[in-house]
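Read through the structure below, which is laid out as structure tokens, and then see the notes.
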Amino acid sequence: MESIAKAKERLAKYPVVFAKCSKQSVLYARCVLLKEGSVKKDDCAKEFQEFKTCLYSAAKDLKTRI
């Protein structure tokens with residue numbers, strides 16, 4: 001049951017992790033929405049990579065993982 005407790009603890013930190021990356025998430029969402037139905041692979045790769053990097057960095061700062 002220890003693994004369940006650790007998972008719950010990790011999931012409880014997710015809102016904080018995402019809040020720390022709000023700027024990057026908005027940029028990524030804006031890119032996807034501007035494509036409006038015609039999004040192709042790698043269209044928003046730069047924005048996604050910045051968002052992903054931010055998430056991993058924020059998780060590391062909070063001593064958790066994604």
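Residues in the range 13-31 that are within 14 Å of TYR56 (Cβ to Cβ) and of a type outside the set (A, V, I, L, M, F, W, C): LYS13, TYR14, LYS20, GLN24, SER25.
Kindly provide the set of residues from the range 10-66 that are at positive phi and not acidic (Asp, Glu), ordered by number. Within the range 10-66, GLY37, LYS63 meet the criteria.
Listed by first and then second residue, the pairs with beta-carbon distance under 6 Å, at least 6 apart or on different chains, first residue in the range 35-64 and closer than 16 Å to ALA12 by Cα and without any contact (Cβ under 8 Å) to a residue 60 or more places away in the chain, second of a type in the set (Lys, Arg) and assigned to a helix (DSSP H, G or I), are ALA58/LYS20; LEU62/LYS13; THR64/ARG10; THR64/LYS13.
Only the coordinates and a few stated rules stand behind these numbers; no lab work does. As the structure is a prediction and not an experimental result, all values here were calculated from the model. Cβ atoms come from the backbone with ideal geometry, glycine included; neighbour counts cover every protein chain shown.
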